[in-house]
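The values are calculated or read from the model by the stated rules, or taken from the named source; none is laboratory data. Note that the structure is a prediction, hence the values are computed from the model and not measured. Neighbour counts are summed over all protein chains in view; Cβ atoms, including those assigned to glycine, are modelled from backbone coordinates with ideal geometry.
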Amino acid sequence: MKSYLCSFGRAAGFAILIALGAMLGPQAARADRCDDVAKELKNGIDGIKIGQTAAGTVYLAHPKARELTLGCSSKNFSSQLFGKTDRKPPAAFIDLMASAAAIVFTLPKDDMARGVTRCYRRLGIFRGDDVPSRYRRLDMRCARTKTESSITITRSKDQ
């Protein structure tokens with residue numbers, strides 16, 4: 001009887017030791033999906049620099065934009081792209097946002113350029129300075145103040 005308990009104790013101890021080793025051993029390094037998309041943006045668009053990541057947001061920099069961020073997945077949306085520029089956005093900024101949105105949301109650049117341009121054209125006297133719209137199952141929100149304008153492009157979780 002004693003040998004049976006002794007062998008069971010050794011087997012249980014060995015199993016615990018193996019499980020502990022697997023937990024504390026070196027883990028395979030996994031990059032975040034958001035970091036992968038940021039690297040794709042850097043490789044796909046000239047002039048983009050990747051800044052720091054904080055609270056699920058990757059801060060990017062580009063000469064044509066005052067502010068450029070990539071939002072990671074949260075409970076409400078799967079991806080978010082935000083850009084800010086002067087009150088009257090130059091064509092280079094619209095092209096930058098279209099290129100970035102095409103990479104982030106895997107859609108054709110021509111369609112994204114059409115969507116970004118359409119969003120900015122709606123700003124004005126009739127619709128106001130904060131215009132939400134939908135284009136190709138993306139939520140686009142253009143806003144402007146007296147000195148700057150911004151666009152936020154998101155894809156909802158359910159799409």
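Among the candidates Lys157, Lys109, Lys146, which residue alone is out of contact with any Pro (no Cβ under 9 Å at 6 or more places or on another chain), over 23 Å from Ala38 (Cα atoms) and surrounded by fewer than 20 Cβ atoms within 10 Å (Cβ to Cβ)? Outline the logic, then answer.
On the way: Lys157 fails: over 23 Å from Ala38 (Cα atoms); Lys109 fails: over 23 Å from Ala38 (Cα atoms).
None of the others qualify; the one that does is Lys146.
More than 18 Å from Thr154 (Cβ to Cβ) and either in a strand (DSSP E or B) or of a type outside the set (Val, Ile, Thr) (or both), is that true of Asp36?
When the stated conditions are applied, Asp36 passes them.
When the stretch 67-86 is examined, which residues are found to be charged (D, E, K, R) and surrounded by 15 or more Cβ atoms within 10 Å (Cβ to Cβ)?
Residues of the stretch 67-86 that are charged (D, E, K, R), as a first pass: 67, 75, 84, 86.
Correct list: Lys84 only.
Taking the stretch 40-57 only, how many residues are within 16 Å of Met97 (Cα to Cα) and touching a strand residue (DSSP E or B) at 6+ places or on another chain (Cβ under 8 Å)?
So in the stretch 40-57, the residues within 16 Å of Met97 (Cα to Cα) come out as 40-50.
Right, trim to touching a strand residue (DSSP E or B) at 6+ places or on another chain (Cβ under 8 Å) and you get 41-42, 45, 47-50.
Residues flagged as within 16 Å of Met97 (Cα to Cα) and touching a strand residue (DSSP E or B) at 6+ places or on another chain (Cβ under 8 Å) within the stretch 40-57 amount to 7.
Consider only pairs whose beta carbons are under 8 Å apart and that are at least six residues apart or on different chains; among these, list those whose first residue lies in the stretch 72-101 and is among the acidic types (Asp, Glu) and whose second residue is surrounded by fewer than 19 Cβ atoms within 10 Å (Cβ to Cβ).
Note: pairs meeting the criteria are Asp86/Arg66; Asp86/Thr147; Asp86/Glu148; Asp95/Ala113.
Considering each residue of the stretch 30-50, count those that are without any contact (Cβ under 8 Å) to a residue 24 or more places away in the chain and touching a Ser or Thr at 6+ places or on another chain (Cβ under 9 Å), and give that number.
The number of residues fulfilling the criteria is 1.
Consider Ser73 against the criteria (1) within 19 Å of the chain's Cα centre (by Cα); (2) not in a loop (DSSP other than H, G, I, E, B): it satisfies all of them except one. Which criterion is unmet?
Single failed check for Ser73: (2).
Looking at Arg155, is it more than 19 Å from Gly56 (Cα to Cα) and assigned to a strand (DSSP E or B)? Walk me through it before giving the result.
Working: more than 19 Å from Gly56 (Cα to Cα): no; assigned to a strand (DSSP E or B): yes.
For Arg155, the condition - more than 19 Å from Gly56 (Cα to Cα) and assigned to a strand (DSSP E or B) - is not met.
Any idea how many residues of the stretch 110-142 are out of contact with any strand residue (DSSP E or B) (no Cβ under 6 Å at 6 or more places or on another chain), in a strand (DSSP E or B) and of a type outside the set (D, E, K, R)? Steps first, please.
First, pick out the residues of the stretch 110-142 that are out of contact with any strand residue (DSSP E or B) (no Cβ under 6 Å at 6 or more places or on another chain): 110-114, 116-118, 121, 124-128, 134-137.
Adding the requirement that they be in a strand (DSSP E or B) leaves 124, 128, 134-135.
Subset that is of a type outside the set (D, E, K, R): 124, 128, 135.
Number satisfying all stated conditions: 3.
Looking at Leu107, Leu41, which one is assigned to a loop (DSSP other than H, G, I, E, B), modelled with pLDDT under 95 and hydrophobic (A, V, I, L, M, F, W, C)?
Details: Leu41 fails: assigned to a loop (DSSP other than H, G, I, E, B).
On inspection, the qualifying residue turns out to be Leu107.
Can you tell me how many residues in the stretch 58-95 are in contact with a strand residue (DSSP E or B) (Cβ under 6 Å, 6 or more places away or on another chain), within 20 Å of Thr147 (Cα to Cα) and hydrophobic (A, V, I, L, M, F, W, C)?
Qualifying residue count for the region: 5.
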